[in-house]
Amino acid sequence: MSQKAIREHTGKRLLTEWFSKKYEGKYEFGNMALVSPSTDLKSLPNSHGFLKTEKLVAKPDQLIKRRGKLGLVKLKATWEDAKKWIEERRGKELKVGSVKDTLDFFLVETFVPHKQEEEYYVCIQSVRGGEKILFYHEGGVDIGDVDSKAEFLTVEIGKELTSEIITKGLLAKVPNARQPPLADFICRLFEFYQDNHFAYLEINPVVMIQKESGFLIAPLDMAAKLDETARFECYKKWGDIDFPAPFGRTSCPEESYIESLDAKTGASLKLTILNRKGRVWTMVAGGGASVIYADTVCDLGAAPELANYGEYSGAPTMSLTYKYAKTILSLMCDEIHPKGKVLIIGGGIANFTNVADTFKGIIAAMQEYATQMIEGDIKVFVRRGGPNFQEGLENMRQFGTQYRVPIKVFGPEDHMTNIVALALGKDIVQVGKTLPRPNSAADLLQRGRSSSLAPPEAKTAAPIERKKCVPGKSPPKLNPWDLFTAETRCFIYGMQPTAVQNMLDFDFVSGRAFPSVACLVYPFSGNHSRKFYWNTKEVLIPVFASLEQALKKFPDISVVVNFASSRSAFESTIEILKHSKQIKTHAIIAEGVPEQKTKLLIKKAKDLGVTIIGPATVGGIKPGCFRIGNTGGALDNIIASKLYRPGSVAYVARSGGLSNELNNIISQHTDGVYEGIPIGGDRFPGTTFMDHLLRYEANPDIKMMVLLGEVGGVEEYEVCRALESKKITKPLVALCTGTCASAFSYEVQFGHAGACAQGESETASAKNTALKKAGAVVPNSFNEMGLCIRVTYRKLVKEGVVIEKIEPAPPQMPVDYKWARKLGLIRKPSAFMSSISDERGQELVYGGMKLSEVFEKDLGIGGVLGLLWFRRKLPKYFTKFIEMVLMVTADHGPAVSGAHNTIVAARAGKDLVSSLCSGLLTIGPRFGGALDDAARKFSWAFDTGLLPEEFVTTMRKKKELIPGIGHKVKSLENPDIRVEIIKKFAHEEFKTTPLLDYALRVQAVTTRKKTNLILNVDGCIAVCFVDLLRNCGAFTRDEADMHVENGTLNGLFVLGRSIGFIGHFIDQKRLKQGLYRHPHEDIWIVPFDQDIQ
């Protein structure tokens, strides 16, 4: 969920359009016009006639608060007055508080004369349980602290709002005569708010004016936010809409570019430029991690030097990370800083993103900017973990060595934010002894957990003993505090084979008796089975098209891991909720589910006693029992973080990526994780921190808890109340990230949709203060998170609350073939080779040339054919000749065998491909296939020195026809215009035409017998093409002969004639021709008693 502010003009446009359609004639709203930087004020009245006839109001429309108090509203003006007022301010810099920006957008609208007592305040805002309506019987600029004195009414999800409820709950201080129309308007306004997926809508004031015909209601000033994730549902209602940057931060081209990339991918790319001249730049993987890195920079006193905020996440492609990194590097290298600059390439331990692949894109960008980076004294600091991180980090080291760019590289064995301290020259927080990491994934996966990889104080024992049980006929019984056990089974909604295999690998290494995934549900295919691995054994897991079939087949399923997209997650979850007696836990992975729909799911799930984790989550993990999807990352991280068996510490967090970092931190400083749930980054996740903390509090196996919150929302205050009331008594280490927000002079939307404070109480600092006051252990920063966890845990050990156990050794796990290849552990010969194209990089490549370059150089079809057929750029006249050949061979009428067959197949109801193939299969020695033979025979005769007469005589003696000679219709008297065109082009454009000239001399011999024994189009193309291959300079003689022998020339006929065959297919379908049946009178049935020799 992403709440984005809109201009007042946009909000009022939506309001006017909606009310005029729904309640035509009942409400009247004034006229308005938006003045943008490109608006011509002189001609504006031509398109907005009201400007010359009505009294006007003019004001900036740039998300500026309290414009009236700041003197930024021009009232009761003529157009000339308003225009002059705008011109005096347009393009000028304005300072509001500590923020400066240029005024370039203005709203001009009808002035509505009214009295002070006719002003009211109304606001609708989204809250977890529904929508909150605030109303005050006085409005305007002097309203003051409206939150403390307004009447409010919460409309619960699914409940109907009526005028009676509004009158009773909000309008007690409004005169009786005014209550009905005002209540009616607020009711309709609420309907408008919901229908258009607003998240916030404030009108101050809305005026209600007494008229002879009744009351006129008009909204004067409006502030609003839309739920941007609902764009796919509301694009017709919203129309062309933009979301302006906050006042004080002008959106730059680089930000717009990254936003455009983000809109085109399922991954996430964000960039906010804070200070173009700053020396500290970040390139962080993960929404949660990006906040922590910004926090740490600010905590270490470098807030004024922080140049940008941003993140990339969701497994972006190499191409996307290249473009993202290139954008940041271009900004960094724009000017040199006297102290040099630092680039922090950070991130937590990824769950499913291939670190090496994303780093390849970043490295490719740095290679382009290596010289500028050295000249600008840019130092790079890298820290990352996750799938294939070893290769990624090694590639970074090699880049630094090869290009001599100063770079320091660290893995998950180092605290996530240590590189910030290093980059800024500060001291690093060291906490005890760091758990060593293996040198490679193979080291962990092949050797299992060796004593050298165990923490110093741990003792290792025998491997984990595999549990012995079988799936039941109903879901396993749970304690009130449990969501999962070692017997829990789920189904996966969506085709996610990688997630399924990750879950099965976790199951096996944890000692589960059977896989946690019973089946998949995928509505877009028929029932079938997919092959997976249970250790080294291959197993089949069924895939059902129907949810009902899956649940009937597996009555023990109690959990669904829902990978449906943000557009379909709501509908699929509603469908699954119908089976709430069996499915008690939902994990909704999708990011971007509209806010209203999420809240409706929360309400339905609560009514049905169902737990929802997500949306916008990676899932959750209960070590030794159950893993949701890709939670916990690669298997080497599962083992390194001791997630194959339960510990004593449970955590709840917002971020999925940071949950993996918590797994790492907790495993280094305690006996490990008992359970961890990332609830999701949306503003209203399916479950709250308290939902899970109360479960942990009730669970006797959990001895301490960790909470990682963030800026935005108020859920942490519920935790504070629970601590104060002793509902929570176990030690709690808690931290809210996003303290850096106070260092910015304007509102910044952080990585998660819910990570934006909408008031002082929602800031990270305020929540951290409240948590500390309530009794939680609150680190001063994320740098100290491990220290606080360690100290709290060691205290519990000392008190005897935690009794440490002997560390079991996990079973060895085989490495998947594909993954082993990525890690460089094995090698295998390629199944086949290809040398003409490559789609793996940033863009498609033809014969070594990027597709964009193909268009820039205007190579055309002939040029593309040259790249793909011959792997080289051909001369312009060569490519032109190829295109001529395609044109002259495209068709030869409907009577030839190939076209005839295509037509017959089309009329038989066959599809395009089948009909085309029917025509193409007739190409051979008697139809179209003469090009290759003509090229070979003429080349042989010419190369062996046969005179034309000798060539003709030799072929006659062999009783062979000369391929490329002869035509049924055309002759010397009636020449084939196609041949004439080709001959003329060859003689004018080719360097030399020895074989064409030879063929024409042969024609002079053959036409002495019959004038139709001419060089036909096949022969002419063939000899001309040989001349090209041999004499254009692009090929050696051996290469030219090879292409003739390989049938390349016939390929030209096949390609060209396909154009005509497709045309005949389309023509027959257009003419709606029926099944073809050949007439009997055109067939002679040979008598059966007649001999046939």
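Quick rundown of the values:
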read-out: Karplus 3J(HN,Hα) series, Hz, for segment 143-154 with 6.51 cos²θ - 1.76 cosθ + 1.60 (x for Gly, Pro); value: 5, x, 6, 5, 4, 7, 10, 6, 6, 9, 9, 9
read-out: Computed [θ] at 222 nm, helices only, for the chain once each DSSP H run of length n ≥ 4 contributes -39500 (n - 2.57); value: -11500 deg cm²/dmol
read-out: Chymotrypsin sites (Phe, Trp or Tyr not before Pro) within segment 508-612: DSSP coil, no more than 15 neighbouring Cβ in 10 Å; value: 524
read-out: Options (i) 14; (ii) 27; (iii) 30 - which one matches percent of Cα pairs over 60 Å apart as calculated here; value: (iii)
read-out: Computed over the chain: relative contact order in percent, which uses C-alpha pairs under 8 Å that are six or more apart; value: 8
read-out: Residues whose placed amide H lies under 5 Å from that of residue 807, excluding near-sequence neighbours; value: 459, 460, 461
read-out: Solvent-accessible area per residue, Å², over the chain with all protein chains present [probe radius 1.4 Å]; value: 45
read-out: Distance between modelled label sites at residue 115 and residue 844, nm, 7 Å Cα→Cβ extension; value: 7.2
read-out: Where trypsin sites (Lys or Arg not before Pro) fall in DSSP loop in segment 165-199, at most 16 other Cβ within 10 Å; value: 173
read-out: Angle in degrees between helix 79-89 and the longest Cα principal axis of the chain, rounded to the nearest 10; value: 90
read-out: Restricting segment 790-887 to chymotrypsin sites (Phe, Trp or Tyr not before Pro) in coil, as DSSP defines it, with at most 16 other Cβ within 10 Å; value: 832
read-out: Probe 1.4 Å - accessible area at residue 1032, Å² to nearest ten; value: 10
read-out: Karplus (6.51, -1.76, 1.60) ³J(HN,Hα), θ = phi - 60°, over segment 1003-1011, in Hz, Gly and Pro reported as x; value: 4, 4, 6, 5, 6, 5, 7, 9, 6
read-out: 0 to 90° range, to nearest 10: angle between helix 785-798 axis and the chain longest Cα axis; value: 60
read-out: Exposure of residue 152 as accessible area (Å², to 10), given a probe of 1.4 Å and all protein chains; value: 120
read-out: Mean separation of Cα contacts under 8 Å, 6 or more apart, over the residue count of segment 490-799: relative contact order %; value: 13
read-out: From phi via Karplus (6.51, -1.76, 1.60), per-residue ³J(HN,Hα) for segment 486-499 in Hz, x at Gly/Pro; value: 6, 10, 5, 10, 9, 10, 9, 8, x, 8, 10, x, 5, 5
read-out: Sites residue 742 and residue 913 - FRET efficiency at Förster radius 60 Å, r taken between beta-carbons, to 0.05; value: 0.40
read-out: Acute angle (nearest 10 degrees) that the helix 930-943 long axis makes with the longest principal axis of the chain, alpha-carbon atoms; value: 60
read-out: Length-normalised contact order of segment 3-238 in % [C-alpha pairs under 8 Å, at least 6 apart]; value: 23
read-out: By average C-beta atoms within 10 angstrom, highest first, the peptides 592-601, 939-948, 267-276; value: 592-601, 267-276, 939-948
read-out: Fraction of accessible area attributable to carbon and sulfur, the chain (%, probe 1.4 Å); value: 52
read-out: Simple label model, 7 Å out from Cα along Cβ direction - residue 773 to residue 835, nm; value: 7.5
read-out: Label-to-label distance, nm, for residues given as residue 211 and residue 960 (7 Å Cα→Cβ offset); value: 9.6
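The values are calculated or read from the model by the stated rules, or taken from the named source; none is laboratory data. Predicted, not measured: the structure shown is a model, and the values here were computed from it. Neighbour counts run over all protein chains shown; Cβ positions are idealised from the backbone, glycine included. Calculation scope for accessible area: heavy atoms of the full protein, side chains included, ligands and nucleic acids excluded. Shrake-Rupley method; radii C 1.70, N 1.55, O 1.52, S 1.80 Å.
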